[in-house]
1. Scan the range 1-49 for residues that are outside any helix (DSSP H, G or I), within 13 Å of the ligand (Cβ to nearest atom) and of a type in the set (A, V, I, L, M, F, W, C) and jot them down.
2. Considering the range 193-245 alone, what residues qualify as being among the hydrophobic types (A, V, I, L, M, F, W, C), closer than 19 Å to Ser289 by Cβ and surrounded by fewer than 22 Cβ atoms within 10 Å (Cβ to Cβ)?
3. Given the conditions (1) away from the ligand (no atom under 14 Å from the Cβ); (2) in contact (Cβ under 8 Å) with a residue 24 or more places away in the chain; (3) assigned to a helix (DSSP H, G or I), which single one is not true for Glu140?
4. Give the residues of the range 88-114 that are more than 23 Å from Ile12 (Cα to Cα) and buried (at least 16 other Cβ atoms within 10 Å of the Cβ), sorted by residue number.
5. Could you check the range 191-223 and list, in sequence order, the residues that are within 16 Å of Val311 (Cβ to Cβ), out of contact with any strand residue (DSSP E or B) (no Cβ under 7 Å at 6 or more places or on another chain) and not hydroxyl-bearing (Ser, Thr, Tyr)?
6. Within the range 50-91, work out how many residues are over 16 Å from Val5 (Cβ atoms), more than 11 Å from the ligand (Cβ to nearest atom) and under 22 Å from the mean Cα position of the chain (by Cα).
7. Would it be correct to say that Ile105 is more than 15 Å from the ligand (Cβ to nearest atom) and of a type in the set (A, V, I, L, M, F, W, C)?
Amino acid sequence: MKLLVTGGAGFIGCNFVRYWLQRYPNDSIINLDLLTYAGDLTNLTDVAQNHPNRHQFVHGDIGDDRCVDALLAQHRPDVIVNFAAESHNSRAVLNPRIFFETNVIGTQTLLELARKHRIPRFHHISTCEVYGDLSLDSPERFTEAHPYRPRTPYNASKAAADHAVNAYFETYRLPVTISICSNNYGPYQHPEKLMPLFTTRALEDKPLPLYRSSHNRREWLFVLDHCRAIDLIIQEGRIGETYNVGSGIEKSIEDIADTILTTLNKPATLKTYVPDRPGHDRRYLLDSSKIQRELGWEPSIDFESGLPDTVRWYAEHRGWWETIQKKAGDQMVQEEAWSGQR
Ligand SMILES: NC(=O)c1ccc[n+]([C@@H]2O[C@H](COP(=O)([O-])OP(=O)(O)OC[C@H]3O[C@@H](n4cnc5c(N)ncnc54)[C@H](O)[C@@H]3O)[C@@H](O)[C@H]2O)c1
C-alpha cells in the first residue's frame with residue numbers, strides 16, 4: 001500500500017510514519033509537510049536512514065492545490081492520512097487566521113483533490129476538543145453522536161474541517177473516515193506543548209507554568225496507541241464513520257506537573273501559576289466504546305509507565321529539544337501572554 005501522510009514531520013505524524021513503516025515492510029509513504037515551526041526533519045532522521053526507499057519527504061503546503069494535484073497524479077496513493085494542522089490552542093488565541101487557513105481550507109483542498117483523483121481512502125485526524133468541554137463533576141462522556149460545540153479558534157477550525165470531511169462523504173461519496181482522539185503524549189512532541197514544556201523546564205530547573213485552573217483535566221493517550229487506532233480504522237473501519245479514540249485516563253494539570261517533578265526528582269516549588277488561557281476548556285472525556293466494540297482497539301500503554309518513560313525520553317534526548325527550542329527562539333509561545341486578548 002502507498003500512503004500520502006500530511007504533517008508527518010510533526011509530533012503524531014512522525015510517530016505514525018515510523019510505526020507504519022516498521023509494521024508494514026512492503027508499504028511506502030509520501031510525507032507532505034510544510035515544516036512550520038512545529039515540523040522538523042530531525043523528527044525523521046532515523047526514518048530516513050532506516051527506510052531510504054520507502055519514505056519520501058515532500059516540502060509543501062496542503063493548501064497548495066497545484067502541489068497536491070501534482071503529488072496525487074504522480075504517486076496515486078491508496079490512502080491519504082491528514083495530520084497536517086496548526087495544533088496549538090495557545091497560538092490560536094494569538095493568531096487565529098492561520099488555523100482556519102490550514103485546518104479548514106487546507107483540508108478542503110486535500111478533499112477536493114482526493115475526489116478529483118479518486119483516491120480510495122481519506123482518513124482525517126481530529127480532536128476531542130471539537131465536542132466542547134465538560135464540567136469537572138459531569139458524569140457524561142462524549143460519544144460520536146455528541147453535537148460539536150467548539151469553544152476556541154483551534155477547536156472551531158478542527159470542527160469545521162470535520163464538517164468538510166463529512167460533507168465530502170455525504171455529497172460526493174468520497175470514502176472518508178475520521179478519528180477523534182484525546183490528548184496524546186510521547187516522544188517528539190514540540191517543547192511548547194504541556195508535557196514536554198513541563199519536562200524541559202524541570203530539566204533546566206526553571207519554573208513550570210501551570211494555568212490557575214490547575215485542576216482542569218485532560219484524557220491522555222500514548223501516541224503509539226493512537227497510531228494503532230488509526231491503523232485499525234484504515235484497515236477495518238466503516239466508510240463514512242467517525243471513531244473516538246481515548247484511554248479513559250484523566251489527569252489534571254497539577255497531576256501531570258507532580259508526576260514529572262517526581263520522575264525527575266525535582267522540587268514542587270518549581271510549580272508556578274499563570275492566568276488561564278482565554279476559553280481554557282475544563283475537561284474532555286471520550287466514550288471510545290465504538291472503536292473497542294467494532295475494531296477491538298484498546299490502549300496498550302498505561303499512564304503509570306507511559307508518562308515516566310516519556311519524561312525519560314526527553315531527558316535522554318536533550319540535544320533534540322534544545323535544537324527545536326533554539327530554532328523557535330522568541331517565537332516559542334509564552335503561556336503568560338494572555339492579557340489584552342479579551
Ligand atoms: N497532539 C495531540 O494531543 C492531538 C490530539 C488529538 C488530535 N490531534 C490532531 O493530530 C494532528 C497532529 O497533531 P500534532 O500534535 O502532531 O501537531 P504538530 O503541530 O506537532 O504537527 C503538525 C505538523 O503539520 C505540519 N503543517 C502545518 N501546516 C501545514 C500545511 N499547511 N501543510 C503541510 N503541513 C503542515 C507542521 O509542519 C507539523 O509537522 C493535528 O491534526 C491535531 O489537530 C492532536
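1. If the condition is that a residue be outside any helix (DSSP H, G or I), within 13 Å of the ligand (Cβ to nearest atom) and of a type in the set (A, V, I, L, M, F, W, C), then Leu4, Val5, Ala9, Ile30, Leu32, Leu34, Leu35, Ala38 are the ones that fit.
2. Residue satisfying the conditions is Leu232 alone.
3. Failing condition for Glu140: (3).
4. Across the range 88-114, the qualifying residues are Glu112, Leu113.
5. Result: Pro191, Lys193, Leu194, Pro196, Leu197, Leu203, Glu204, Asp205, Lys206.
6. 1
7. For Ile105, the condition - more than 15 Å from the ligand (Cβ to nearest atom) and of a type in the set (A, V, I, L, M, F, W, C) - is not met.
Residue-wise test of (1) among the polar types (S, T, N, Q); (2) farther than 23 Å from Pro120 by Cβ; (3) free of Cβ contacts under 8 Å to residues at least 40 places away in the same chain; (4) surrounded by 18 or more Cβ atoms within 10 Å (Cβ to Cβ).
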site: Asn50; (1), (2), (3), (4): yes, yes, yes, no
site: His55; (1), (2), (3), (4): no, no, yes, yes
site: Asp61; (1), (2), (3), (4): no, yes, no, yes
site: Ala70; (1), (2), (3), (4): no, no, yes, no
site: Pro77; (1), (2), (3), (4): no, no, no, yes
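The values are calculated or read from the model by the stated rules, or taken from the named source; none is laboratory data. Fair warning: this is a prediction, and the values are worked out from it, not measured in the lab. Here Cβ is always computed from backbone atoms with ideal geometry, including for glycine, and neighbour counts include all displayed protein chains.
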